[in-house]
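The values are calculated or read from the model by the stated rules, or taken from the named source; none is laboratory data. A quick note: this is a predicted structure, and the numbers were derived from the prediction, not measured. All Cβ positions, even for glycine, are placed from backbone atoms using ideal geometry, and neighbour counts span all protein chains on display. These accessible areas exclude ligands, DNA and RNA; they are computed on the full protein's heavy atoms, side chains included. Shrake-Rupley method; radii C 1.70, N 1.55, O 1.52, S 1.80 Å.
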Amino acid sequence: MKKITKISSLFAAILFVVISATQVFAAEQVADIKTPTGFYALIVIIPLIVILALLFMKVDMIAAGFVGGVLAMLIGGIGLAHANDQFLKTIPGMLSITVPIINSAIAMAVFKSGGYTAALTLVRRGIKGKVEYFAAFIVILQAAATYMSGIGGGSAMVIAPLAFAAVGAIPELIAAMSIAAAVSFTTSPASLESGIVSKLSGIAVADYVDEMRIYWIGFTILAIIIGFYGAKKRKVIFKGEESEEFAGKTTGQIFKVTIPVIFLLGAVIFGPFINDAINVPLFTPLVYTVITLILIFLCTKFNLNESINAMIDGSTYILTRLLAVGIFLTFINIIGDTGAFAVIAGIAEKAPGTLVVPAAVLAGILVGIPAGAYVGSILGLVLPVAVSLNFPLAALGFVAMGVGLGSQLSFVNITMQALSSGFQIPIIEVVKGNARWVGLSMAILLVLSFFMG
């Protein structure tokens, strides 16, 4: 496994240098930077390779970015004053991704109020022993929870232990949850990843989410089928009792707790369509945030103060990661100032048109496998040259999905760790079980990407 990881890492680095690259500037800004030539054109790429190598070695992304940024400053003769300007400009830009922050915070409040546990309890009561339907619903809940919150690991931390207590560790179910998480957090209106795509491309998060919704639904349906198939094939039966929190409560009482979940999911997914249909911005982040908080207060055990505090606490995850990625992208911008990305963009432009998008997707997959703890930073490394080459919006989303799926074969990814802990199996078993089904999803994504050139 270690040898395979090293080989894939090396291949990913080479492919990355040839076809993928980084920077947070738009395509026209890349064009404004003078393209280095000759031996200097090779030298300016070294900081990128150093960052990749450090990420593969599980070095923190900020430390990796710092080393690469300092190298770029030495190579390009960039002074501290310019570096400081990049620092003060990039971080506020990342922290200005408002809608994902709000959506993630309110979704985490719904998590904490017990809505997802209630939903699983209801389904378990309703399917009358047909475990395959329960498995399918677990995948649906994983996808929905991740899509609303933008956090795959957080969703898995809540749902995986509940699934294990009910049906045990079904390999296909675990793989299906991984796929559902990956395609959800890379296309979610609440995720760091969607925010990064938006910042790098200059396209609104809402437009990106709308473009990718059909692909999110398609891959989620694939994940549901995989989870259903696994439970059916293995003839699993329910084990243990239902959650102590809801044992003894009536179906009506439990359904009441799920109302905030149903409303928020409906507002996030169907709200834009309703707004367009009535030509009134009814389901805005402000409106559905306030309504969801009121529903949590009215329908769950949380009082008003607890509901609000849960939302504020829920913002911690995405805010801290936006700050971290903002610092990381400061160093990436410094590398961009040396002309490194103009060099790589020039190489990519010469590749056959039908291969450029699949190659970028494959680069994302291969980098995501060893360095999957840092999906946001990987997107910062593989997306922007796609913007420079005028990739269609869906193609940008495919690259993001590729990184997400690659991360579901990574030992350091938080969703993988959450699944390992929740299903009480070693993470190597999660990776082995995921290989077949996540690999199938990757293959489908690559085939689709050939039509994006």
- prompt: What are the ³J(HN,Hα) values, in whole Hz, obtained from phi via the Karplus relation 6.51 cos²θ - 1.76 cosθ + 1.60 with θ = phi - 60°, for each residue of the stretch 48-63 in sequence order, with x given for Gly and Pro?
  reply: 5, 5, 4, 4, 4, 4, 5, 5, 4, 7, 6, 6, 3, 5, 5, 4
- prompt: In degrees from 0 to 90, rounded to the nearest 10, what is the angle of the helix 353-368 Cα long axis to the longest principal axis of the chain?
  reply: 70
statement: Under 16 Å by backbone N from the virtual spin label 7 Å along Cα-to-Cβ at Lys232, the residues of the stretch 131-152 are 131-140
query: What fraction of the Cα pairs in the stretch 101-316, stated in percent, has a spacing above 30 angstrom?
result: 22
Segments 47-60, 307-320, 374-387, 165-178 sorted - mean Cβ within 10 Å per residue, highest first: 374-387, 165-178, 47-60, 307-320
query: Using alpha carbon coordinates only, what is the Rg to Rh ratio of the chain, with Rh defined as the Kirkwood radius?
result: 0.99
- line: Once Ile291 and Ile214 are pulled to full extension, the length gained, defined as 0.36 nm per residue separation minus their Cα-Cα distance, is 25.0 nm
query: How large is the accessible surface per residue of the chain, computed with a 1.4 Å probe and reported in Å² as a whole number?
result: 40
message: Tell me the angle of helix 131-149 to the major Cα principal axis of the chain, expressed in degrees between 0 and 90 and rounded to the nearest ten.
response: 50
field: Portion, in percent, of the accessible area of the chain that falls on carbon or sulfur, probe 1.4 Å
entry: 69
query: Expressed as an acute angle from 0 to 90° and rounded to the nearest 10, what is the orientation of the C-alpha long axis of helix 2-19 relative to the principal long axis of the chain?
result: 60
- line: Put Tyr40, Tyr147, Tyr215 in order of accessible area, largest first, probe 1.4 Å, and you get Tyr40, Tyr215, Tyr147
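Treating only the Cβ of Lys, Arg, Asp and Glu as charged (+1, +1, -1, -1), what charge dipole size does the chain show about its Cα centre? Round to the nearest 20 debye. Don't skip to the end; give the middle numbers.
Values: 25 positive and 20 negative charges, 285 e Å.
I would put it at about 1380 debye.
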field: Under Karplus coefficients 6.51, -1.76 and 1.60, residue-wise ³J(HN,Hα) of the stretch 301-308 in Hz, glycine/proline x
entry: 6, 6, 7, 5, 4, 5, 5, 5
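Can you work out D for the stretch 105-189 in µm² s⁻¹ from Stokes-Einstein, where Rh is the Kirkwood radius over C-alpha pairs, the temperature is 25 °C and the viscosity is 0.890 mPa s? Please report the intermediate quantities before stating the final value.
Numbers: Rh = 12.7 Å.
Rounded, D is 193 µm²/s.
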